[in-house]
Amino acid sequence: MIKRFLLLALFVWAALANAGVVDDRYNAALQKLQSGNRTNALSEMRALSLKYPNHPLAGNFHYWSGEALLGLDRPDEAQLEFLMAAAVPHSTKISHARFMLGMCYSRLGKKTLAKAEWERFMRDFPNDPLLPRVKERLALL
């Protein structure tokens, strides 16, 4: 009984310690991205997404990888990251990823796909704070 308790306590401690490490690495990568160091931020976000695919921030890892790729003028690769970010259940970045997916399509000259994505956004996220920007983008197509 004591062995089982100790094993469980050790597992919980390791999980909590690991969560702090992931959060620290994520925040450091975000700071790199915000300071313009897109290449290093991208490497770190991709490493996090590969090592921790089920982490609560998994959608964020993909989303910020997409943002870094767009900043590096690589919209073809960014669209894949935004698709992955939008596919992570319960992610806080789903609507943002859908918006940015439309941006990728637009930058790639795929105006029909951009329009379809943003129209879908309006149906799926009618109360999202990004809705005015989506409407602006649709008007520009």
By residue number, the members of the stretch 23-51 that are within 15 Å of the chain's Cα centre (by Cα) and of a type in the set (A, V, I, L, M, F, W, C) are Ala29, Leu30, Leu33, Ala41, Leu42, Met45, Ala47, Leu48, Leu50
Flagged in the stretch 50-68 as open to solvent by 20 Å² or more (accessible area, probe 1.4 Å), in contact with a Leu (Cβ under 9 Å, 6 or more places away or on another chain) and either over 22 Å from Asp124 (Cβ atoms) or at pLDDT below 95 (or both), in numbering order, are His55, Leu57
Checked the stretch 28-42 for anything of a type in the set (Ser, Thr, Tyr) and surrounded by 15 or more Cβ atoms within 10 Å (Cβ to Cβ); matches are none
Quiz item: What do you reckon, is His96 touching a residue at least 12 places away in the same chain (Cβ under 8 Å), open to solvent by 20 Å² or more (accessible area, probe 1.4 Å), over 18 Å from Lys32 (Cβ atoms) and assigned to a loop (DSSP other than H, G, I, E, B)?
Solution: no
Quiz prompt | Yes/no for Gly71 being crowded, with 19+ Cβ neighbours inside 10 Å and within 25 Å of Asn27 (Cβ to Cβ) | solution = no
query: Right, His90: open to solvent by 10 Å² or more (accessible area, probe 1.4 Å), without any contact (Cβ under 8 Å) to a residue 60 or more places away in the chain and out of contact with any Pro (no Cβ under 9 Å at 6 or more places or on another chain) or not?
result: no
Inside the stretch 104-128, the number of residues satisfying the requirement of being open to solvent by 90 Å² or more (accessible area, probe 1.4 Å) and more than 14 Å from Leu140 (Cα to Cα) is 3
Result of the Cβ filter at 8 Å on the stretch 113-136, keeping first residues that are without any contact (Cβ under 8 Å) to a residue 12 or more places away in the chain and partners that are surrounded by 15 or more Cβ atoms within 10 Å (Cβ to Cβ) and in a loop (DSSP other than H, G, I, E, B), at least 6 apart or interchain, is Leu131/Phe125
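The values are calculated or read from the model by the stated rules, or taken from the named source; none is laboratory data. From a predicted model like this one, the values you see are computed outputs, not experimental measurements. Glycine gets a Cβ as well: all are built from the backbone with ideal geometry, and neighbour counts include every protein chain shown. Side chains included, ligands, DNA and RNA excluded: accessible areas come from the protein's heavy atoms. Shrake-Rupley method; radii C 1.70, N 1.55, O 1.52, S 1.80 Å.
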